[in-house]
Amino acid sequence: MSLENLGLALQDLAIFTAVRESALVYPAILSLHLACLGVFGGAILSTNLRLLRWAFTGVPLEEVVRRLRPWKYVGLFIMVGCGVVIAGSNASEYFVNPYFQTKMLLIGLVGVHGLVFRRTVYREPSRFDGTSTARVAAGLSLALWIGVLSMGRWIAYFD
């Protein structure tokens, strides 16, 4: 089964058809996806800037991580849920789109990044404050998320 055929089968599910054909639901879900991207992305950016010691240096790293973690989780949960609905509603187009494929690859790499650095930088931030490990984690995170954001935007420009 080709990716396009798999996408057609998925997007023909009743829920994805209803979302795609709605004049209000699809744009509302897309808007919520973007709003939560702002919440999640802002928390990620703030954490990374602190890890790099480029911002919030007067606030202990552990406090920045602790205070932003709930916002990251809420933003991520809603953003991913909305993203699944958006992708499922147009799956036959998205699954063959190289920008969407690259975005999914980068999201997978973000997951690997999280697994690699969770036990160190993100679990014990005060121990890693100012270390090269923290700077590498932040730099990789920024690069990966900029890639995810770019690919997400470029999806619309593939014919």
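The values are calculated or read from the model by the stated rules, or taken from the named source; none is laboratory data. Just so it is clear, the structure is predicted and the values come from calculations on it, not from any experiment. All Cβ positions, even for glycine, are placed from backbone atoms using ideal geometry, and neighbour counts span all protein chains on display.
General observations
- Candidates R119, R67 - the one that is at pLDDT below 95 and either in contact with a helix residue (DSSP H, G or I) (Cβ under 7 Å, 6 or more places away or on another chain) or more than 17 Å from L37 (Cβ to Cβ) (or both): R119
- Any hit, segment 70-93, residues being acidic (D, E) and under 16 Å from L52 (Cβ atoms): no
- Being in a helix (DSSP H, G or I) and over 17 Å from the mean Cα position of the chain (by Cα) is a property that R67 has.
- Tally of residues being among the hydroxyl-bearing types (S, T, Y) and either surrounded by 13 or more Cβ atoms within 10 Å (Cβ to Cβ) or within 21 Å of S150 (Cα to Cα) (or both) across segment 1-13: 0
- On inspection, S126 passes the criterion of being exposed (fewer than 13 other Cβ atoms within 10 Å of the Cβ) and of a type in the set (S, T, Y).
- Any hit, segment 91-102, residues being of a type in the set (D, E, K, R), farther than 19 Å from P125 by Cβ, without any contact (Cβ under 8 Å) to a residue 12 or more places away in the chain and assigned to a helix (DSSP H, G or I): no
- Number of residues in segment 62-118 that are buried (at least 20 other Cβ atoms within 10 Å of the Cβ) and of a type in the set (S, T, Y) equals 2.
- Residue count for segment 129-159 under the criterion of being part of a helix (DSSP H, G or I), in contact (Cβ under 8 Å) with a residue 40 or more places away in the chain and either closer than 12 Å to T102 by Cα or among the aromatic types (F, W, Y) (or both): the result is 9.
- Selection status of A23, assigned to a helix (DSSP H, G or I) and small (G, A, S): no
- The residues in segment 129-159 that are farther than 29 Å from Y94 by Cα and surrounded by 13 or more Cβ atoms within 10 Å (Cβ to Cβ) can be counted, and the count is 8.
- Filter result for the condition that a residue is under 11 Å from V148 (Cβ atoms), in a helix (DSSP H, G or I) and of a type in the set (A, V, I, L, M), over L115, L106: L106
- When segment 14-54 is filtered for residues that are of a type in the set (G, A, S) and exposed (fewer than 14 other Cβ atoms within 10 Å of the Cβ), the ones remaining, listed by number, are A14, A18, S22, A23, A28, S31, G38.
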